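**Student:** Sharing a structure below in structure tokens format, with a few things to ask.
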Amino acid sequence: MKPVFSVVLAGCALGLLVTACGGGSSSSTTTTTTTTASAAPAATAGGMSAAAPGDGAKVYDTNCSSCHGATGQGQPGAFPPLAGNPVVTGDAGKVIHIVKAGLTGSISVNGHAYNGTMPAWGTSLSNGDIAAAVTFIRSSWGNKASAVTEAQVAAAK
Ligand code: HEC
């Protein structure tokens, strides 16, 4: 009983900074309890369904993160970011082609120039792995673009 009471008091004290706590103490107690109880399971379930495309994250961590960074942030002057990159969230066929066939020559991403070489992944990764990785980079770190299928990868050059 004691810890709950002090949590309510703490919540009340914090609440006082923004709004009066007074009569609202019972409802704020309910809110606090509900949030605490459901937060963990909800986050877990959400995380799992968000990662539904499966091993895309794993394929990325293993093959791509060394250059493009664990959070797709890239490396200034060397490796372009994939997070917030309009090419990555743009035409799916183009992204598939780049990953499958590799890329070399100067490009510009959000005003920053890169002129490096990315190896082709079409020989070392399966079409399914490429589909998973491309789906992953198109839907991670704030990117929101459609998933790609293994069939789309197979059809690309
Ligand atoms: C050895 C380092 C390296 C690895 C590993 C790597 N890339 Fe790249 N990637 C690059 C470089 C360098 C470029 C830019 C090439 C250029 O300047 O023309 C690039 C470009 C890209 C682009 C195009 C970005 C744009 O704005 O045009 C995509 C998409 C991409 N990589 C995805 C991936 C994926 C997916 C993987 C893992 C399967 C991966 N990369 C692994 C170095 C790498």
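**Student:** Show me, bin by bin at 10 Å from 0, the whole-percent P(r) of the range 52-97 based on Cα pairs.
**Tutor:** Calculated P(r), rounded to whole percents: 26, 54, 19, 0.
**Student:** What is the set of long-range amide H partners of Leu103 at a cut-off below 5 Å, with H atoms built 1.01 Å from backbone N?
**Tutor:** Here the answer is Met118, since their amide H atoms fall under 5 Å of that of Leu103.
**Student:** Percent of Cα-Cα pairs more than 21 Å apart in the range 56-155, please.
**Tutor:** I get 23 percent for the Cα pairs in the range 56-155 exceeding 21 Å.
**Student:** With a sphere of radius 15 Å drawn around the Cβ of Asn143, what net charge do the other residues whose Cβ falls strictly inside it have (Lys, Arg +1; Asp, Glu -1)?
**Tutor:** +2
**Student:** Would you tally the net charge around Ala83, using a Cβ to Cβ cut-off of less than 14 Å, leaving Ala83 out, and scoring K and R as +1, D and E as -1?
**Tutor:** +2
**Student:** Another question about this same structure. In what order, largest first, do Thr89, Thr149, Thr123, Thr104 sit by accessible area if the probe radius is 1.4 Å?
**Tutor:** Descending accessible area places them as Thr123, Thr104, Thr149, Thr89.
The values are calculated or read from the model by the stated rules, or taken from the named source; none is laboratory data. None of these values were measured; they are calculated from a predicted model. Virtual Cβ from ideal backbone geometry, glycine too; neighbours counted across all protein chains shown. Calculation scope for accessible area: heavy atoms of the full protein, side chains included, ligands and nucleic acids excluded. Shrake-Rupley method; radii C 1.70, N 1.55, O 1.52, S 1.80 Å.
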